[in-house]
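Chemist: A single structure is presented below for examination.
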Amino acid sequence: MDTTISSSSRTLHTTDELLNERLIDPADRRDIDEVSDVFAVAISPEMLDKIQREGPDSPVARQFVPSPKELNIIPEECSDPIGDAAYVPIKGITHRYPDRLLLIPIHSCAVYCRFCFRREKVGPGEEYLKPEELEAALDYIRSKPDLREVILTGGDPLVLSPRRIKYLMDQLNQIPNLDVIRFHTRIPVVAPERVTDELIESFDTDKITCVVLHVNHASEFGDNARAAIRKLRKAGIMLVAHSVLLKGVNNNADALTDLFRECVRNGVKPYYLHHCDLAEGTSHFRTTFEEGQELMRAIRGRVSGLAQPTYVLHIPDGHGKVPIGPSYLQRSGEKWIVTDYKGQTHEYALNGI
């Protein structure tokens, strides 16, 4: 028997629906209309329930409810902030690193994050790979013997039907050099009712299946999300999380500590904490590098290594991502100076001798 997790209500897409739910100020209607003409809006029933309980200024609401601030586009922001376009050899493929690539079968999501670095490319009814395009993308993957991982992303690949996911998994399972098939998704948190037994069965391959859960605040975890994650974990799926450092959402040590502990409590290893990319209309979410580094330093003494992600930056123009966390080691003459998690410094002999 299928154990689909129940949800209620419906996904919100329009300004009228946002007004009816009292999520936006009527005085902002014209600006919100302008925002939604450019950047897609969707708030899933699961997230709507949380926003209604926690309020329109809550960390969850700030991630999904459109704001007039999105109309402020600063000169440094652009439509391709991580430089994907230079690494697209064929439709549906982004191949930046030699041992892994992105397969993007669809550009739709269950929710649309207001800070998304692909925000101009995603939306309801947006591009998906036609059968012949998907086959061409799979042929490209088959032709690359150095590949070890295929990362399905989008959009959100888990908005695809279990039947289509199973087809993709079956095709990728036949490629001998692949070790890992990854899914980057918000579904288990924002639309946990989609984590059905049929979906779980579609993941079954000889490869390692990894679900990379996008979650930014501990309050996103509800009973339905925990149940969905538990189903994935029981199926033997590797679970890690990536998050984005967001002003007004999680840019304090308490919020990050709670988030990472909640991830571990649910069997999800915090993997990356991304500095907010230079996507258009997102400056109100962006912290400074120094703030991010100090936050990473602050949580080091609070949580174990299991609960600590790597703080990373996507270098603009397609140069990849790099760790940008705080440094704890400085050279001073014939010695090293090491800073502990409390901020106290200690001498260490040169080269450990």
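The numbers here are math on the coordinates, done by the rules we state, and not lab data. Computed from a predicted structure; not experimentally measured. Quick reminder, even Gly has a Cβ in these numbers, built from the backbone with ideal geometry, and neighbours come from all protein chains shown.
Each row is one residue, and each column tells you yes or no for (1) among the acidic types (Asp, Glu); (2) more than 30 Å from residue 95 (Cβ to Cβ); (3) in a helix (DSSP H, G or I).
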site	(1), (2), (3)
259	no, yes, yes
273	no, no, no
277	yes, no, no
287	no, yes, no
290	yes, yes, yes
294	yes, yes, yes
298	no, yes, yes
337	no, yes, no
347	yes, yes, no
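Chemist: A further question on this structure: Yes or no: the range 76-83 includes at least one residue that is in a helix (DSSP H, G or I), within 24 Å of residue 155 (Cα to Cα) and in contact with a helix residue (DSSP H, G or I) (Cβ under 9 Å, 6 or more places away or on another chain).
Modeler: The answer is no, given that none of the residues of the range 76-83 is in a helix (DSSP H, G or I), within 24 Å of residue 155 (Cα to Cα) and in contact with a helix residue (DSSP H, G or I) (Cβ under 9 Å, 6 or more places away or on another chain).
Chemist: Which of the residues that make up the range 229-238 are surrounded by 15 or more Cβ atoms within 10 Å (Cβ to Cβ) and either over 17 Å from the mean Cα position of the chain (by Cα) or polar (S, T, N, Q) (or both)?
Modeler: Across the range 229-238, the qualifying residues are 231, 232, 233, 235, 237.
Chemist: Report the residue count in the range 281-310 for those that are in contact (Cβ under 8 Å) with a residue 60 or more places away in the chain and buried (at least 20 other Cβ atoms within 10 Å of the Cβ).
Modeler: The total comes to 4.
Chemist: Does residue 324 satisfy the condition of being among the β-branched types (Val, Ile, Thr) and either loosely packed, with under 11 Cβ neighbours inside 10 Å or in contact (Cβ under 8 Å) with a residue 24 or more places away in the chain (or both)? It would help to see each step written out before you state the result.
Modeler: Numbers: among the β-branched types (Val, Ile, Thr): yes; either loosely packed, with under 11 Cβ neighbours inside 10 Å or in contact (Cβ under 8 Å) with a residue 24 or more places away in the chain (or both): yes.
So residue 324 fits the description; yes.
Chemist: Give just the number: which of (1) surrounded by fewer than 16 Cβ atoms within 10 Å (Cβ to Cβ); (2) within 24 Å of residue 190 (Cβ to Cβ) does residue 92 not satisfy?
Modeler: Single failed check for residue 92: (1).
Chemist: Continuing with this model, one more query. Hey, among 44, 108, 79, which residue is among the hydroxyl-bearing types (Ser, Thr, Tyr) and touching a Pro at 6+ places or on another chain (Cβ under 8 Å)? Walk me through it before giving the result.
Modeler: On the way: 44 fails: touching a Pro at 6+ places or on another chain (Cβ under 8 Å); 79 fails: touching a Pro at 6+ places or on another chain (Cβ under 8 Å).
After ruling out the rest, the residue left standing is 108.
Chemist: Just to verify a result, which residue in the range 239-265, among those that are among the polar types (S, T, N, Q) and surrounded by fewer than 21 Cβ atoms within 10 Å (Cβ to Cβ), is nearest to residue 306 (Cα to Cα)?
Modeler: If we filter the range 239-265 for residues that are among the polar types (S, T, N, Q), which is where we start, we get 243, 250-252, 257.
Right, trim to surrounded by fewer than 21 Cβ atoms within 10 Å (Cβ to Cβ) and you get 251-252, 257.
On the way: 251: 20, 252: 19, 257: 12 Å.
Looking at residues that are among the polar types (S, T, N, Q) and surrounded by fewer than 21 Cβ atoms within 10 Å (Cβ to Cβ), I get 257.
Chemist: Could you please let me know if residue 255 is part of a helix (DSSP H, G or I), of a type in the set (Gly, Ala, Ser) and closer than 23 Å to residue 64 by Cα? Don't jump to the end; show me each part of the working.
Modeler: Details: part of a helix (DSSP H, G or I): yes; of a type in the set (Gly, Ala, Ser): yes; closer than 23 Å to residue 64 by Cα: yes.
Here the answer is yes, as residue 255 does meet what is asked.
Chemist: Also, quick follow-up: Six or more apart or on different chains, Cβ under 7 Å: which pairs go from a residue in the range 143-167 that's part of a strand (DSSP E or B) to one that's β-branched (Val, Ile, Thr)? Could you list them?
Modeler: Taking only residues 6 or more apart or on different chains, the pairs are 149/180; 150/141; 150/181.
Chemist: Looking at 255, 279, 298, 241, which one is small (Gly, Ala, Ser) and more than 20 Å from the chain's Cα centre (by Cα)?
Modeler: Step by step, each of 255, 279, 298, 241 is checked, and only 298 is small (Gly, Ala, Ser) and more than 20 Å from the chain's Cα centre (by Cα).
Chemist: Sticking with this structure for a sec: Check off (1) of a type in the set (Asp, Glu); (2) out of contact with any Phe, Trp or Tyr (no Cβ under 8 Å at 6 or more places or on another chain); (3) under 30 Å from residue 189 (Cβ atoms) for residue 277 and give me the number that stays unchecked.
Modeler: (2)
Chemist: Give just the number: which of (1) closer than 24 Å to residue 73 by Cβ; (2) crowded, with 18+ Cβ neighbours inside 10 Å does residue 158 not satisfy?
Modeler: It fails just one condition, (1).
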